[in-house]
Amino acid sequence: MSDSHADWLGRINSPLQTPSQPEQTIQRLLALAAERLTPASETALLDSEVLLCHCLHKTRSFLRAWPEHQPSPEQTVCFLNLLEQRLQGTPIAYLTGEREFWSRNFKVSPDVLIPRPDSELLIELSLEWLPADQACKIIDLGTGSGILAITLAAERPLADVTASDISLSALNIARQNAEQLKTGNVRFLQSHWFEGVAEQNFDLVISNPPYIAENDSHLNQGDVRFEPYAALVSDENGLKDIRSIADQARRHLKDGGHLLVEHGYNQQAQVQAIFEALNYRQVATHTDLSGNPRVTSGLWNPA
């Protein structure tokens, strides 16, 4: 046991409370954890609750209903181990191995990006364009954990969905998510963008590609420090991969098909210019939950 764990266990078992309120309780663990995490996290209490729920295999409502419940020694050690890693900055999603997206739980690992609420905008726009009662073809480029491909497959059961990624480790995570969420209409393909894609006539090409510039200060902050570099960073001020996808997509979209790409909040003008130079029509940028320009769309109709 590390010195830090011994110190924590000592505090947990110290006689600071009355005999009628045992110390090694959910309430006490959360109070100590939130105090410890406060300098390292803006959501110290929430982080503590999520990690304790993970070790207890319970929901947050259980914590509130049973504040005097005493976790087992094994559960307490599990919690303290995760807490120490969180203090070092490790993202909550990597510690618990999952993250919610579009009301579904997805498995994640350090091999894939952590799903973020802003990316749900890609789903909202896609569902507007893809009728639920019609068959369609979709490809998700750089699928990562598969959140986009699997969500669209679940919401549009008649869709034929291809999920591609250059990383076999990422594809393995995505396959596990598809199996867990019972989406049988998703096929997985190892490919760098369209290099391994023979099919054409897609109704929708969708992607959350790398779009952060190499010298962006955000790479040294928060969860991003722990996420796969290749899934975050792109050359040419973050625009190389977006340009490549937009160029190649023209040979794989059907006439009237849509290209939908997530990008940085300050890349709206550049991405629109790329789309327009490649002859996409109805180019538009859509804002995320915070009101930031986040997704640009284009219609492929060259005639």
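What are the residues in segment 142-180 that are aliphatic (A, V, I, L, M) and in contact with a His (Cβ under 9 Å, 6 or more places away or on another chain), if any?
Ile166
Which of the residues belonging to segment 161-190 are of a type outside the set (Lys, Arg), part of a loop (DSSP other than H, G, I, E, B) and closer than 24 Å to Leu127 by Cα? Outline the logic, then answer.
First, pick out the residues of segment 161-190 that are of a type outside the set (Lys, Arg): 161-174, 176-181, 183-186, 188-190.
Then drop every residue that is not part of a loop (DSSP other than H, G, I, E, B), which leaves 166-167, 181, 183-185.
Matches in segment 161-190: Leu181, Thr183, Gly184, Asn185.
Checking the condition surrounded by 13 or more Cβ atoms within 10 Å (Cβ to Cβ), modelled with pLDDT of 85 or more, outside the structural domain of Pro228 (by TED's automatic domain parsing) and out of contact with any Gly (no Cβ under 9 Å at 6 or more places or on another chain), which residue from Arg60, Arg11, Arg28, Arg64 passes?
Of Arg60, Arg11, Arg28, Arg64, the one residue that is surrounded by 13 or more Cβ atoms within 10 Å (Cβ to Cβ), modelled with pLDDT of 85 or more, outside the structural domain of Pro228 (by TED's automatic domain parsing) and out of contact with any Gly (no Cβ under 9 Å at 6 or more places or on another chain) is Arg28.
If Leu80 satisfies all but one of (1) at pLDDT 85 or above; (2) touching an Asp or Glu at 6+ places or on another chain (Cβ under 8 Å), what's the number of the condition it fails?
(2)
Based on what the data block shows, is Gln268 touching a residue at least 12 places away in the same chain (Cβ under 8 Å) and closer than 13 Å to Ser145 by Cα?
Numbers: touching a residue at least 12 places away in the same chain (Cβ under 8 Å): yes; closer than 13 Å to Ser145 by Cα: no.
In short, no.
So which strands (runs of 3 or more DSSP E) stay within segment 223-301 end to end and still have 1 or more residues that are over 16 Å from Ile139 (Cβ atoms) and within 23 Å of the chain's Cα centre (by Cα)? Don't jump to the end; show me each part of the working.
Values: elements: 253-262, 281-287, 293-300.
Of the strands (runs of 3 or more DSSP E) lying wholly inside segment 223-301, those with at least 1 residues that are over 16 Å from Ile139 (Cβ atoms) and within 23 Å of the chain's Cα centre (by Cα) span 281-287, 293-300.
Of the residues Arg243, Arg225, Arg187, only one is over 28 Å from Tyr94 (Cα atoms) and basic (Lys, Arg); which? Steps first, please.
On the way: Arg225 fails: over 28 Å from Tyr94 (Cα atoms); Arg187 fails: over 28 Å from Tyr94 (Cα atoms).
The match here is Arg243.
Kindly indicate which of Leu121, Leu141 is assigned by TED's automatic domain parsing to the domain that holds Ala230 and touching a helix residue (DSSP H, G or I) at 6+ places or on another chain (Cβ under 7 Å).
Leu141
Quick one: count up the residues across segment 162-175 that are over 14 Å from the mean Cα position of the chain (by Cα) and under 16 Å from Ser119 (Cβ atoms).
The total comes to 2.
The values are calculated or read from the model by the stated rules, or taken from the named source; none is laboratory data. Since we're looking at a predicted model, the values are computed, not measured. Note that we place each Cβ from the backbone using ideal geometry, even for glycine, and neighbour counts take in every protein chain shown.
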